[in-house]
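Everything below concerns the one structure shown next.
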Amino acid sequence: LIPDFSYENKGPNQLEKHGRAIVAQSEARISSFRPGYDLILPPLDKVGDEPVWQVAPSLVPITRKYLLSFYGEWNQQTQDSDSTLLKSVIEKLQQMDDGKTKDKLYIKLKCEGKKEVVAAAGDWHLCDSVEERKKILDESTYSLILAPSDPMIISSSALQQRLYEVLRSGAIPVILGSRVQLPFAELVDWTRFSIQLPLHRVTELHFLIRSISHSDLFKMKRQGRLVYENYFSSPQVILRTLFGVLQSRLTIPADSVRDTPSPSIFNASFTPLLLDFLPNESEPEEVLGPLETPFPSPSYKRNFSSVLGERTE
């Protein structure tokens, strides 16, 4: 196992194969990453150590001020077909934010302040400070995560940092890009609390997130909170998850839970109260109650939704 927790961008020459060693890192390229063998991690030096109850907002209200938010700047240094596609995606996002709908969107594709993280070529910069980005995410129902335009990059530190901040703020990640590798994908079912679409379907994005019902949205937010708390909330939790994946691959059983007796809340002078006889039933015969008035069947609201909340585990 070779863990790499640094946040620095690595060039293609540094992302080499390491024999049979399992490489766990945030940066990954398609030429060196081995699916099902190597692991993707969030950058540990950017992960906080505060308690979940202290940093995570409430799950209610279900919807927030902004339906969708994104704040970043594209580091365009290449000219290829993927860059052309991403330009059309940017134009579509700008059209979504033109104010023609009642939904409030926060889409900013240029950094107004400093770039906290300078992303690699084709990736997206993280603008301003963590506190400023958290203010926006805390007011967002969904948050957009754009994949790098470089087809060789399947994971980057900037992308993983953005994903971590979205989960910490209780928003729903909307990942545009089909090549993105997500952290602990073999352990975490990301389809239960995120939306993943290829770049070509950006025209359906607004309609899709509007079609998700409040009940499904609450389930996704609750599942995202559980995943963040149990897998990404602190460096200790991430390391525990990393070793848990290795333990599962090696079929090593987990430590047994010790049986501990529950302490009694009664002292030695307590005398239990007992009934001498059972009380008579007030309604000995079966009572079904009054007949219900007819009501219309509930409408089916998942025609255009990719949520798979109702399924067998």
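The values are calculated or read from the model by the stated rules, or taken from the named source; none is laboratory data. Since we're looking at a predicted model, the values are computed, not measured. Heads up, the Cβs are rebuilt from the backbone with ideal geometry, glycines too, and the neighbour counts pull from every protein chain shown. For the accessible areas, the whole protein counts, side chains as well, though only heavy atoms, and no ligand, DNA or RNA atoms are used. Shrake-Rupley method; radii C 1.70, N 1.55, O 1.52, S 1.80 Å.
Can you pull out every residue in segment 32-55 that is among the hydroxyl-bearing types (Ser, Thr, Tyr) and part of a helix (DSSP H, G or I)? Once the filter is applied, which keeps residues that are among the hydroxyl-bearing types (Ser, Thr, Tyr) and part of a helix (DSSP H, G or I), segment 32-55 yields nothing. Is there a residue in segment 202-214 that is more than 30 Å from Val60 (Cβ to Cβ), modelled with pLDDT of 85 or more and not in a loop (DSSP other than H, G, I, E, B)? Checked segment 202-214: at least one residue is more than 30 Å from Val60 (Cβ to Cβ), modelled with pLDDT of 85 or more and not in a loop (DSSP other than H, G, I, E, B). Within segment 92-118, residues that are among the β-branched types (Val, Ile, Thr) reach partners that are open to solvent by 60 Å² or more (accessible area, probe 1.4 Å) and at pLDDT 85 or above with beta carbons closer than 8 Å, at six or more positions or on different chains, in the pairs Ile107/Gln94. Checking each residue of segment 226-239 against the condition of being open to solvent by 100 Å² or more (accessible area, probe 1.4 Å) and part of a loop (DSSP other than H, G, I, E, B) gives no match. A single entry from Leu67, Leu86 fulfils the requirement of being over 18 Å from the mean Cα position of the chain (by Cα) and touching a residue at least 60 places away in the same chain (Cβ under 8 Å): Leu86. Identify the single condition in (1) closer than 30 Å to Gln95 by Cβ; (2) touching a Ser or Thr at 6+ places or on another chain (Cβ under 6 Å); (3) of a type in the set (Ser, Thr, Tyr) that Thr203 does not satisfy, given that it satisfies every other one. Of the numbered conditions (1) closer than 30 Å to Gln95 by Cβ; (2) touching a Ser or Thr at 6+ places or on another chain (Cβ under 6 Å); (3) of a type in the set (Ser, Thr, Tyr), the odd one out for Thr203 is (2). Which of the residues belonging to segment 57-102 are open to solvent by less than 40 Å² (accessible area, probe 1.4 Å), farther than 12 Å from Gly122 by Cα and either of a type in the set (Asp, Glu) or part of a strand (DSSP E or B) (or both)? If the condition is that a residue be open to solvent by less than 40 Å² (accessible area, probe 1.4 Å), farther than 12 Å from Gly122 by Cα and either of a type in the set (Asp, Glu) or part of a strand (DSSP E or B) (or both), then Tyr66, Leu67, Leu68, Ser69, Phe70, Tyr71, Gly72 are the ones that fit.
Let's see how each residue does on (1) over 15 Å from the mean Cα position of the chain (by Cα); (2) over 22 Å from Glu139 (Cβ atoms); (3) open to solvent by less than 10 Å² (accessible area, probe 1.4 Å):
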| residue | (1), (2), (3) |
| --- | --- |
| Ala171 | no, no, yes |
| Val174 | no, no, yes |
| Ala185 | no, yes, no |
| Asp189 | no, yes, no |
| Arg192 | no, yes, no |
| Ile195 | no, no, yes |
| Arg201 | yes, yes, no |
| His206 | yes, no, no |
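Scanning segment 134-169 for residues that are open to solvent by less than 10 Å² (accessible area, probe 1.4 Å) and either without any contact (Cβ under 8 Å) to a residue 12 or more places away in the chain or over 30 Å from Arg34 (Cα atoms) (or both) gives Ser140, Thr141, Tyr142, Ser169. The set of residues in segment 214-245 that are over 12 Å from Ile172 (Cβ atoms), polar (S, T, N, Q) and under 18 Å from the mean Cα position of the chain (by Cα) comprises Ser215, Asn230, Ser233, Ser234, Thr241.
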